[in-house]
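The values are calculated or read from the model by the stated rules, or taken from the named source; none is laboratory data. Please read these numbers as outputs of a predicted model, since none were measured by experiment. A quick note on method: Cβ atoms are made from the backbone with ideal geometry, for glycine too, and the neighbour counts reach across all protein chains shown. The accessibility values were calculated without ligands, DNA or RNA, using every heavy atom of the protein model including side chains. Shrake-Rupley method; radii C 1.70, N 1.55, O 1.52, S 1.80 Å.
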Amino acid sequence: MIATALQEVQARIQRAAEQAQRAPDAIRLLAVSKTFPAEQVRAAYEAGQRAFGENYVQEGVDKIQALSDLRTELRWHFIGPLQSNKARLVAEHFDWMHSIDRVKIAERLHAYRPAEWTPLQVCIQVNIDGQASKSGVAPAEVPALAAAIRALPRLHLRGLMCIPDPSQDAESLRRRFDEMVALRDALTVEHGPLDTLSMGMSADLELAIASGSTLVRVGTAIFGQRPSLAP
Ligand SMILES: *Cc1c(COP(=O)(O)O)cnc(C)c1O
């Protein structure tokens with residue numbers, strides 16, 4: 001049952017917040033609904049969930065349209081890698097975009113964001129493990145990308161996002177999350193407050209919250225195992 005699973009995840013967030021002596025409402029839950037049908041999103045909505053994350057542009061747009069009766073109540077977050085030729089669909093349908101990793105994507109999103117809408121809420125994705133194969137910008141390049149985004153009024157920079165390699169041990173994961181906090185703090189000195197650190201998933205949300213995550217992205221623990229994609 002999605003309602004029960006949501007309650008369990010909320011309880012995990014609450015416990016982790018208490019252990020870190022943080023206010024539980026300082027951490028928002030993003031339900032990652034990728035690969036799950038619109039009816040499951042509706043069930044989560046009926047259980048009280050409002051923010052949903054999608055990884056694949058067309059799948060996300062299809063779901064947003066299938067649930068258009070709920071559009072004013074739901075917040076849709078795009079969290080996947082984005083090719084610049086799909087930026088228009090994200091700008092025209094989503095509320096948030098977590099995975100900006102280059103100026104070109106930011107400029108495209110800005111160009112296509114309808115002027116009458118609230119600005120697209122965005123995060124910079126950081127390649128916190130420093131692996132060439134991973135998406136995200138290198139930590140050293142974050143300040144320049146943040147400055148470029150700040151110059152685009154149809155985008156509102158909210159913070160940073162990361163997806164650390166889940167195979168590392170808890171101690172190194174914790175170090176990655178702490179590095180994200182330091183990066184955010186360094187940016188804040190120059191740019192003013194950034195209220196979002198998008199980090200932590202089903203398996204590591206407690207560690208992320210202990211470091212200072214403000215938004216955890218949880219799929220499996222809410223919707224169940226995703227069907228594995230073809231290799
Ligand atoms: C799939 C996905 C998640 C959710 O992962 P779970 O382990 O199922 O909680 C979170 N963030 C991103 C970017 C994802 O692609």
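What the table below lists for this structure:
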{"quantity": "Contact order relative to length of the range 75-187, as percent, for alpha carbon pairs under 8 angstrom and 6 or more apart", "calculated": "23"}
{"quantity": "Per residue, in Å², the accessible surface of the chain once ligands and nucleic acids are set aside, probe 1.4 Å", "calculated": "47"}
{"quantity": "GNM top mover of 127, 55, 85 - the chain, alpha-carbon springs below 10 Å", "calculated": "85"}
{"quantity": "Where 199, 1 fall by accessible area, highest first, once all protein chains stay in place (1.4 Å)", "calculated": "1, 199"}
{"quantity": "Within the range 165-231: Cβ-based charge dipole about Cα centre, in debye rounded to nearest 20 (Lys, Arg +1; Asp, Glu -1)", "calculated": "280"}
{"quantity": "Normalised contact order of the range 164-220, rounded percent, pairs of Cα under 8 Å and 6 or more residues apart", "calculated": "33"}
{"quantity": "Accessible-area ranking of 63, 104, 34, largest first, probe 1.4 Å", "calculated": "104, 34, 63"}
{"quantity": "Size of electric dipole in the chain: Cβ of Lys, Arg +1 and of Asp, Glu -1, about Cα centre, debye, nearest 20", "calculated": "420"}
{"quantity": "Highest-MSF residue in the chain out of 120, 70, 29 [GNM, Cα springs under 10 Å]", "calculated": "70"}
{"quantity": "Calculated [θ] (222 nm, deg cm²/dmol) that DSSP helices of n ≥ 4 give over the chain, each run adding -39,500 (n - 2.57)", "calculated": "-12500 deg cm²/dmol"}
{"quantity": "For residue 35, solvent-accessible area (1.4 Å; no DNA, RNA or ligand), Å²", "calculated": "40"}
{"quantity": "Computed magnitude of the charge dipole of the range 1-78 (debye, nearest 20; Cβ of K, R +1, Cβ of D, E -1)", "calculated": "260"}
{"quantity": "Inter-probe distance in nm under a simple model that places probes 7 Å from Cα toward Cβ, at residue 144 and residue 38", "calculated": "4.3"}
{"quantity": "Cα gyration tensor category, rounded, prolate or oblate, for the range 1-160 with a/c compared to 1.5", "calculated": "oblate"}
{"quantity": "Solvent accessible area, Å² - residue 71, 1.4 Å probe, full protein context", "calculated": "50"}
{"quantity": "Inter-label distance for residue 84 and residue 58, nm, one decimal - labels placed 7 Å from Cα along Cα-to-Cβ", "calculated": "2.2"}
{"quantity": "Within the accessible area of the chain (1.4 Å probe), percent carbon and sulfur", "calculated": "52"}
{"quantity": "Gyration tensor verdict on the range 86-231 (Cα atoms; rounded if a/c is under 1.5, prolate if a/b is larger than b/c, oblate otherwise)", "calculated": "oblate"}
{"quantity": "Distance in nm between pseudo-label sites at residue 191 and residue 72 (7 Å out along the Cβ direction from Cα)", "calculated": "3.2"}
{"quantity": "Relative contact order computed over the chain (Cα-Cα under 8 Å; 6+ residues apart), in percent", "calculated": "21"}
